Each structure stands twice: as C-alpha cells, then as structure tokens.
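Structure first, commentary second.
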Amino acid sequence: MTCAADASGPLILSVDQSTSATKAFLFNRAGSLVERASVPHGQTYPRPGWVEQNPEEIRDNALAAIDQVLQKNGIDDVSIPSRILALTISNQRETILAWDGRTGSPVCNAITWQCGRATSICKKMEAEGYAEFVRKRTGLRLSPYFSAAKASWIMEN
C-alpha cells in the first residue's frame with residue numbers, strides 16, 4: 001500500500017509484531033504514514049490450552065515486511081543510514097521465546113500470550129506460599145499469562 005504522504009527526507013521505520021501478522025510502517029517526520037506492509041503468520045495448538053508460533057517464521061516475516069516497505073520507497077542497504085532516522089518495535093509482550101546462544105536456533109516455538117501451559121507452575125508456587133512474595137516484588141499476581149511462568153516452563157521442559 002502506497003500512501004500519499006511525503007516520503008522525502010528521513011523516515012521512521014516501525015515494526016508491529018502482533019498475534020496474527022508482522023507489520024512494517026514508514027512514517028515521515030510529520031508523523032504521516034508513507035508506506036505499510038503486512039505479512040501474516042500462523043499459530044499452532046499442540047494441546048488444549050496451548051498456543052504457539054514458529055519463531056523463525058516470526059523473524060523471517062519481520063525481515064520480509066521491512067524489506068517490502070524499504071524497497072517500495074527505493075531504500076537499499078546503502079541508503080538506510082541516511083534515510084531511516086529511527087526504528088520502533090512493538091510486540092506481543094507476554095509471548096516468549098528463547099534462542100540457543102551456541103547455535104542461534106530457537107529452543108522451542110514461541111509460547112504466545114494466550115497459552116496456559118504454565119498454569120501448573122503458578123499453582124505449585126501458590127501452594128508453596130510464593131504468591132504474596134511475587135506480588136510484593138513485581139506488583140503482579142501469579143498467572144500463566146506472564147512471561148516468567150512461561151520462561152520457567154521452557155527451562156523445565
């Protein structure tokens with residue numbers, strides 16, 4: 001989609017990694033939308049209550065969406081430093097994934113914000129009396145929604 005906004009001068013590149021797609025946007029200094037691209041991605045449901053996404057698909061889609069908006073505006077690798085003023089990123093927040101530091105490969109699929117697989121970890125911590133400690137330290141209640149419980153699940157499994 002090409003927009004009517006002025007694309008001359010420095011631009012701001014924004015990436016929105018959402019639940020259903022990766023979107024890239026270019027804005028001019030006035031904040032007007034110059035270009036946008038969207039690359040959809042899938043979700044899998046390996047068990048009831050579990051929701052995952054392929055981390056490599058997310059990465060590849062982010063690169064593809066960025067490439068689309070840059071190419072549509074004639075911005076190549078050489079001109080990026082002079083044309084892109086800033087990069088902003090918005091993500092799914094409570095979706096979590098881990099990459100192996102030695103291989104650079106994902107440890108497992110991304111565990112999305114909707115996934116309930118860490119429920120047993122939260123219930124165990126509550127039964128052991130940690131709920132109030134967690135709430136005081138973080139301001140959050142124990143919940144499989146939050147990333148810490150999902151990170152614990154990854155480490156245990």
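Of note:
- Flag for ASP60 being of a type in the set (Asp, Glu), assigned to a loop (DSSP other than H, G, I, E, B), free of Cβ contacts under 8 Å to residues at least 12 places away in the same chain and surrounded by fewer than 19 Cβ atoms within 10 Å (Cβ to Cβ): no
- Boolean, GLU94 is at pLDDT below 95 and of a type in the set (Asp, Glu): yes
- For ILE121, the requirement of being β-branched (Val, Ile, Thr) and closer than 22 Å to ILE58 by Cβ is not met.
- Residue among ILE96, ILE121 that alone is more than 23 Å from the chain's Cα centre (by Cα), surrounded by 18 or more Cβ atoms within 10 Å (Cβ to Cβ), closer than 29 Å to TYR45 by Cα and not acidic (Asp, Glu): ILE121
- The residues of the range 124-139 that are out of contact with any Leu (no Cβ under 6 Å at 6 or more places or on another chain) and surrounded by 12 or more Cβ atoms within 10 Å (Cβ to Cβ), listed by number, are LYS124, TYR130, PHE133, ARG135.
- Of everything in the range 13-48 that is among the polar types (S, T, N, Q) and in a loop (DSSP other than H, G, I, E, B), the residue that is farthest from ASP60 (Cα to Cα) is SER32.
- Looking only at the range 99-118, and only at residues there that are without any contact (Cβ under 8 Å) to a residue 60 or more places away in the chain and in contact with a strand residue (DSSP E or B) (Cβ under 6 Å, 6 or more places away or on another chain), the one that is least open to solvent (accessible area, probe 1.4 Å): ALA110
The values are calculated or read from the model by the stated rules, or taken from the named source; none is laboratory data. Since this is a predicted model, take the numbers as computed values, not measurements. As a convention, Cβ positions derive from the backbone with ideal geometry for all residues, glycine included, and neighbour counts pool all protein chains shown. With ligands, DNA and RNA removed, areas are computed over all heavy atoms of the protein, side chains included. Shrake-Rupley method; radii C 1.70, N 1.55, O 1.52, S 1.80 Å.
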